[in-house]
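Just below is one structure, and these are the notes that go with it.
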Amino acid sequence: MSSNDKPQGTTSICGFDADNILIRDKNLVDDLIGQYSFTQLMLLQALGQEPSDAQRRIVDAVMVTIMEHGLVPSAIVTRLTHYGAPESFQGAVVAGLLGVGQRYAGTASECGAILERIVAAPDDQREATAIEEIKTCREQRKPVPGFGHPIHKDKDRRVDRLIEVAVEIGVDGNVIAAMKQLEASLQQETGKKLVTNISAAIAAVLGEAGIPAPLMRGLVLTARCAGLVGHLYEEMNNPAAHDLWVSAQAGVNYEP
């Protein structure tokens, strides 16, 4: 088979001609603009099916929860990158997004994958499955994603509120129950009460909304991108990067 005979790749997301832009078979001008919220279109575009009202409300709640975290490393990097390259708005945002990882906001998808495996197990094997997941993490010398927090030592108040919102919306509670099972099993296995952090709650409520684990990090990144844009716009009008730079120089000593 020659290279010219190879089957072409396809996409079901978007197509266009001179007069129409189609997103998942909906016309952008006629069907979407002014009729869909950003969250609705984001879910339709990613999942390929009409999002339910419950999905939209849960994803909206998650986006609000995770958008802003203050002067964490990603926001600092965005501000400092703009300080060094003020002509590159997108570069500053991208630099900050690269810092959204395992320590800050990046573990929801990993926790989501664990919760999916617990939910997939028969009811009488879910506790054993949770314990096995914990043992695997410990054997790999990595923390169980979604538990422990450097600031919220005793309680992460965001967790209860996000779960409360999901319950009010009317989720069936199966994935939330898996999160609580993982929490109880972790305490049993370690003898420590590690606080359930917001990444676990995000994984649980997005799971309740039918969001696959691999997509969860993308939703978190989308929310954090919006937050970084706000930091960047403030930096342009009320600069803090110079003080951040000076503070870093003052806080780190040179030792040859």
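Is it true that Tyr83 is within 30 Å of Glu164 (Cβ to Cβ) and either in contact with a strand residue (DSSP E or B) (Cβ under 9 Å, 6 or more places away or on another chain) or surrounded by fewer than 18 Cβ atoms within 10 Å (Cβ to Cβ) (or both)? I'd like the intermediate steps shown before the answer.
Values: within 30 Å of Glu164 (Cβ to Cβ): no; either in contact with a strand residue (DSSP E or B) (Cβ under 9 Å, 6 or more places away or on another chain) or surrounded by fewer than 18 Cβ atoms within 10 Å (Cβ to Cβ) (or both): yes.
Judged against the criteria, Tyr83 is not a match.
Could you pull out the residue among Val252, Val220 that is under 21 Å from Gly70 (Cα atoms) and not charged (D, E, K, R)?
On the way: Val252 fails: under 21 Å from Gly70 (Cα atoms).
After applying the criteria, what remains is Val220.
Does Pro86 satisfy the criteria of being closer than 26 Å to Asn27 by Cα, assigned to a loop (DSSP other than H, G, I, E, B) and over 16 Å from the mean Cα position of the chain (by Cα)?
Details: closer than 26 Å to Asn27 by Cα: no; assigned to a loop (DSSP other than H, G, I, E, B): yes; over 16 Å from the mean Cα position of the chain (by Cα): yes.
No.
Would you be able to tell me the number of residues in the range 209-256 that are in contact (Cβ under 8 Å) with a residue 60 or more places away in the chain and part of a helix (DSSP H, G or I)?
Of the residues in that region, 26 qualify.
If we only count helices (runs of 4 or more DSSP H) wholly inside the range 149-208, which ones have 3 or more residues that are within 18 Å of the chain's Cα centre (by Cα) and among the charged types (D, E, K, R)? Walk me through it before giving the result.
Details: elements: 157-169, 174-190, 198-208.
Those helices (runs of 4 or more DSSP H) span 157-169.
Suppose we filter Ser185, Ser199 for residues that are touching a Pro at 6+ places or on another chain (Cβ under 8 Å) and within 25 Å of Ile118 (Cβ to Cβ); which single one remains? Let's see the steps before the verdict.
Numbers: Ser185 fails: touching a Pro at 6+ places or on another chain (Cβ under 8 Å).
Exactly one residue qualifies, and that residue is Ser199.
Here's a check for you: in the range 113-139, which residue that is among the acidic types (Asp, Glu) and in contact (Cβ under 8 Å) with a residue 12 or more places away in the chain is surrounded by the most Cβ atoms within 10 Å (Cβ to Cβ)?
Once the filter is applied, the top-ranked residue is Glu133.
Any residue at all in the range 233-242 that's among the acidic types (Asp, Glu) and exposed (fewer than 14 other Cβ atoms within 10 Å of the Cβ)? Outline the logic, then answer.
Our first condition is that a residue be among the acidic types (Asp, Glu); within the range 233-242, this holds for 234-235.
Still in the list and also exposed (fewer than 14 other Cβ atoms within 10 Å of the Cβ): 234.
Yes, the conditions are met somewhere in the range 233-242.
Might you let me know whether the range 65-77 holds any residue that is modelled with pLDDT of 95 or more, among the polar types (S, T, N, Q) and either buried (at least 17 other Cβ atoms within 10 Å of the Cβ) or not in a helix (DSSP H, G or I) (or both)?
yes
Just one of Gln45, Gln90, Gln49 is in contact with a strand residue (DSSP E or B) (Cβ under 9 Å, 6 or more places away or on another chain) and modelled with pLDDT of 95 or more; which is it?
On the way: Gln90 fails: in contact with a strand residue (DSSP E or B) (Cβ under 9 Å, 6 or more places away or on another chain); Gln49 fails: in contact with a strand residue (DSSP E or B) (Cβ under 9 Å, 6 or more places away or on another chain).
Result of the check over Gln45, Gln90, Gln49: Gln45.
Among the candidates Leu221, Leu162, Leu228, single out the residue that is assigned by TED's automatic domain parsing to the domain that holds Cys137 and surrounded by 14 or more Cβ atoms within 10 Å (Cβ to Cβ).
Details: Leu221 fails: assigned by TED's automatic domain parsing to the domain that holds Cys137; Leu228 fails: assigned by TED's automatic domain parsing to the domain that holds Cys137.
Just a single option satisfies the conditions, and that option is Leu162.
From the list Asn253, Asn238, pick out the single residue that is over 26 Å from Lys135 (Cβ atoms), out of contact with any helix residue (DSSP H, G or I) (no Cβ under 8 Å at 6 or more places or on another chain), among the polar types (S, T, N, Q) and at pLDDT 95 or above. Full working, then the answer.
On the way: Asn253 fails: at pLDDT 95 or above.
From the options Asn253, Asn238, the qualifying one is Asn238.
Can you find even one residue in the range 2-17 that is among the aliphatic types (A, V, I, L, M) and in a helix (DSSP H, G or I)? Give the steps one after another, and end with the answer.
First, the residues of the range 2-17 that are among the aliphatic types (A, V, I, L, M): 13.
So of that shortlist, the ones also in a helix (DSSP H, G or I) come out as none.
Scanning the range 2-17, I find no residue that is among the aliphatic types (A, V, I, L, M) and in a helix (DSSP H, G or I), so the answer is no.
The values are calculated or read from the model by the stated rules, or taken from the named source; none is laboratory data. Predicted, not measured: the structure shown is a model, and the values here were computed from it. Positions of Cβ are generated from backbone atoms using ideal geometry, with glycine treated the same way; all protein chains shown enter the neighbour counts.
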